[in-house]
Amino acid sequence: MKEKLELVKRGLIIVDMIDGFVKEGALADPTIGRIVNENVRLAKKFLESNEPIIAFRDVHSVDSEEFKSFPPHCIEGTSEVEFVEGLRELSDKFIVIDKNSTSGMFAPSFIEYVKSMENITEIVITGCCTDICVLNLAIPLKNFFNQVNKSVNIIVPENAVETYHIDGVHDRDEYNMMAFKLLKQAGVNVVKEYKYGK
């Protein structure tokens, strides 16, 4: 759903479910693929109810400033920026936003879409990575709604987000747990699974 955003009460945001974090490239971790089915399930549920889906893609230029902090990844024009199989087939129904940082809040047009959802009361955020791009979207988005005194339930389902693992560097379980604690502390509603219903 891309029209009449002012009427919607609930929306889904899918973060970086692209091949560059699941299938190929410097930051890919195939284990993140275990959340693909849940992301596809939720996307289909929202589409069936004609509720909007914003889907972020990490898309960088070859000289991206972010590459000073992370290895080069998801470069524009490569297969790494394609949505994972299952979401790719649905993506023509998404509001697709490309981002050049770990926070979708600052991607062009995102906040304008959010502001246009005048009646929004619930936003579900899924995708990867839990402790980086999901965290860096969910907390600032909650802060934004607090700033404008708008009650919006920001929900992060544990079974629909994931992060990467590197032995001795980035422990998946530890960083997921840390992210969930920080999200909860900021007022984000972390749940085991999102029970879609009216």
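Which residues, taken from region 109-142, are outside any loop (DSSP other than H, G, I, E, B), of a type in the set (S, T, N, Q) and farther than 18 Å from Lys99 by Cβ?
Ser116
Ser69 is checked against (1) within 28 Å of Ser151 (Cβ to Cβ); (2) loosely packed, with under 15 Cβ neighbours inside 10 Å; (3) polar (S, T, N, Q) and fails just one. What number does that condition carry?
It fails just one condition, (1).
From the residues in region 87-143 that are touching a residue at least 12 places away in the same chain (Cβ under 8 Å) and aromatic (Phe, Trp, Tyr), which one is surrounded by the fewest Cβ atoms within 10 Å (Cβ to Cβ)?
Here the answer is Tyr113.
Quick one: what pairs do we get from region 12-40, first residue farther than 17 Å from Arg172 by Cα, second hydroxyl-bearing (Ser, Thr, Tyr) and crowded, with 19+ Cβ neighbours inside 10 Å, C-beta under 6 Å, 6+ apart or different chains?
Cβ pairs passing all conditions: Ile14/Thr126; Asn39/Thr126.
Name the residues in region 63-103 that are farther than 21 Å from Asp29 by Cα and not in a loop (DSSP other than H, G, I, E, B), would you?
Matches in region 63-103: Glu65, Glu89, Leu90, Ser91, Asp92, Lys93, Ile95, Val96, Ile97.
So, Asn50, is that one surrounded by fewer than 17 Cβ atoms within 10 Å (Cβ to Cβ) and of a type in the set (S, T, N, Q) or not?
It is true that Asn50 is surrounded by fewer than 17 Cβ atoms within 10 Å (Cβ to Cβ) and of a type in the set (S, T, N, Q).
Please identify the pairs in which a residue from region 59-72 that is farther than 14 Å from Cys133 by Cβ has its Cβ atom under 7 Å from the Cβ atom of a residue that is at pLDDT 95 or above and in a loop (DSSP other than H, G, I, E, B), counting only partners at least 6 apart or on another chain.
Hits for this filter: Ser61/Glu76; Ser64/Asn100.
Condition check ((1) surrounded by 18 or more Cβ atoms within 10 Å (Cβ to Cβ); (2) at pLDDT below 95; (3) in contact with a strand residue (DSSP E or B) (Cβ under 6 Å, 6 or more places away or on another chain)) across all residues:
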position	(1), (2), (3)
Phe21	yes, no, yes
Gly25	yes, yes, no
Ile35	yes, no, yes
Lys45	no, no, no
Ile54	yes, no, yes
Val59	yes, no, yes
Ser64	yes, no, no
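Is it the case that region 21-33 has a residue that's outside any loop (DSSP other than H, G, I, E, B) and within 13 Å of His73 (Cα to Cα)?
yes
The values are calculated or read from the model by the stated rules, or taken from the named source; none is laboratory data. Keep in mind the model is a prediction, meaning the values are calculated, not measured. Positions of Cβ are generated from backbone atoms using ideal geometry, with glycine treated the same way; all protein chains shown enter the neighbour counts.
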